[in-house]
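Asker: Shown below is the structure under consideration.
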Amino acid sequence: MRSKILVSLILGLVLPACTASPTSPQPDPAAATEASPVPQTRYLAPVQPDDPGLGGSAPLVTVVVFSDYACPPCARTWKVLDHLLEDHGDDLRVIARSLTMPGFGDGERAAEAALAAGAQGQFWPMHRRLFGAPLDRATLKTHAEALGLDVPRFLEDLDLGTFSGPRVRHRREAVELGIYFGPVALVNGRPVVGFRDERAWHDLLEEEILAAQTRLRDGTPRADLYASFQAGALLAPIELEPAAEAARQQLAGRFAVDIKTLPADFQRVEAGKRYMVEAGDAPALGPVDAPVQLVAFMDFECPYCRRAAQEGFQELRRRYPEDLRLAFRHLPLPIHRSADGAARAAVAADRQGQFWPFSDRLLAPEVTSLGRGTFLAIARDLHLDEARFIADLDGPDVAATVREDMLLARRLGLDATPGFFLNGRHVSGFRGVEELAAEIDAELLTTRRLLGEGVARGELLSTLLAREAVQFPNADQ
């Protein structure tokens, strides 16, 4: 967190831009110094037929904007662009690109919400609503209702990650250009970094319009103007002033882990070491004073988690009915787009005392789609209060529960599932019930020695952790 705050402060001194973290202090665009000249160098920013765009279909000037919904200068920039579109009509086209920070789930979900609304013809109304508003799931649902969207379809698209592909493509295009903070606009390929006021934008657009008119007189068809500006454009990091370049280098490490969303100095948990991990208030089965606690970090979309649940958990509980307590914690991985929704659905079912039946159904072999329709079908089969289930599924409390488990996993250094902790001792992955049973037998031998020392059964785990547990490897993250 301290590093992100530092980056934002650096950026605030250099340009009116911000990172994609809502917890970082955002610089005030009104306090920005006079904007530096816009470079003449043009950078590659291809426009796809399905890109969200406003303005003319064959414009003189095309502006591709990388922005993030948690960024106040981005919001101000879009207000200026709306005015410019009114002033310049069909001579101007503006294309939206999402800029999201790896690991900032709310920002990623908001970007996908805009695209999901776009699939129902409402990209721009949703786009404008997202700036300056909370980006939690409940607020996104409220926006969808206000816009008259097919809300179940909208939420299903979010749960299934239907628009994760375009979002990730936008991020990778940004990274290729060295864009890690917004707003950044490419005006016929020329980079405008940070917020500019309306007068500065008019000056730049007039300059580009003159350049376009020169090309028209030289014989370039109007429909080919943007392609002509892009011919020979660079696919390389845009040039920045030295202080902004230093800030960019700090942010680059965060974006380099696009899929894993882990910082470069992330320390992974070590197999065999014992960590301060207990069942706590996680859903659990088995005696509270069992000599062995197995805490499993699970992802409902992970095939190895499904195998562990189907082949291992029931058999282990059969073998160790009095000696094993099994606890379930959530670690939906970014590569599994449906996993977060499934985790929230399981927590929502837990609010009605049906976590284990619900999670068993989610992990069953016949379940092939982890979308909202599946969640509701299971809820009905289990006779849950459907209205309450939906409210919890979309509510902030359930999302916070999942996030707390994810933060615990992050501090522990987990980056894969399933992750098991037997009395706090890390066991990586599921390699069959017999291997896991052998690990449990080893823990039982350890706890029997403690019993021989006179440690009470209900104090076995706390005693073992007090003696052997090591510090979390990522305690400060």
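Asker: Relative to the longest principal axis of the chain, what angle (0 to 90°, nearest 10) does the C-alpha long axis of helix 72-88 take?
Answerer: 30
Asker: How do THR100, THR368, THR401 rank when sorted from fewest to most other Cβ atoms within 10 Å of their own Cβ?
Answerer: In increasing order of surrounding Cβ atoms, one gets THR368, THR401, THR100.
Asker: While we're looking at this one, here's another question. Using Cα atoms only, what is the angle between the long axis of helix 372-381 and the major principal axis of the chain, expressed in degrees (0 to 90) to the nearest 10?
Answerer: Computed tilt is about 30 degrees.
Asker: According to a simple spin-label model (label point 7 Å from Cα along Cα-to-Cβ), what is the distance in nm between GLU270 and ALA211?
Answerer: The modelled label-to-label distance comes out at 5.6 nm.
Asker: Could you put MET276, MET406 in order, starting from the residue whose Cβ has the fewest other Cβ atoms within 10 Å?
Answerer: Ranked by crowding around the Cβ, least crowded first: MET276, MET406.
Asker: Oh, and also: Sort LEU251, LEU465 by Cβ crowding within 10 Å, fewest neighbours at the top.
Answerer: LEU465, LEU251
Asker: Once you list every other residue whose beta carbon is under 11 Å from the beta carbon of ALA279, what net charge do they have if Lys and Arg are +1 and Asp and Glu are -1?
Answerer: Result for the neighbourhood of ALA279: 0.
Asker: Next up: Residues with amide H under 5 Å of LEU414's amide H, sequence separation 5 or more or different chain, H placed in the peptide plane at 1.01 Å from N; which?
Answerer: Excluding prolines and chain starts, which carry no amide H, the hits are VAL269.
Asker: Output the 0 to 90 degree angle, nearest 10, between the alpha-carbon long axis of helix 164-176 and the longest principal axis computed from the alpha carbons of the chain.
Answerer: In the chain, helix 164-176 runs at an angle near 60 degrees to the longest axis.
Asker: Which FRET efficiency, nearest 0.05, do ALA364 and GLU386 yield, Cβ-Cβ r, R0 25 Å?
Answerer: 0.75
Asker: For the chain, what are Rg and Dmax over the alpha carbons, in angstrom?
Answerer: Considering the chain through its Cα atoms, Rg and Dmax are 26.2, 95 Å.
Asker: Report ³J(HN,Hα) in whole Hz for each residue of segment 298-308, in order, from the Karplus equation J = 6.51 cos²θ - 1.76 cosθ + 1.60 where θ = phi - 60°; Gly and Pro get x.
Answerer: These are the phi-based 3J(HN,Hα) values: 10, 10, 5, 9, 7, x, 6, 5, 4, 5, 4 Hz.
Asker: Quick one: Karplus J couplings for segment 285-292, per residue in order, coefficients 6.51, -1.76, 1.60, θ = phi - 60°, nearest Hz, x for Gly and Pro?
Answerer: After applying 6.51 cos²θ - 1.76 cosθ + 1.60, I find 10, x, x, 4, 9, 4, x, 10 Hz.
Asker: Out of residues 5 or more away from LEU234 or on other chains, whose amide H comes under 5 Å of its own, with H placed 1.01 Å from N in the peptide plane?
Answerer: Placed amide hydrogens put ARG42, TYR43, LEU44 under 5 Å from LEU234.
Rule-based calculations on the coordinates, nothing more; no lab input. What you are looking at is a predicted structure, and each value in this text was computed from that prediction instead of being measured. Heads up, the Cβs are rebuilt from the backbone with ideal geometry, glycines too, and the neighbour counts pull from every protein chain shown.
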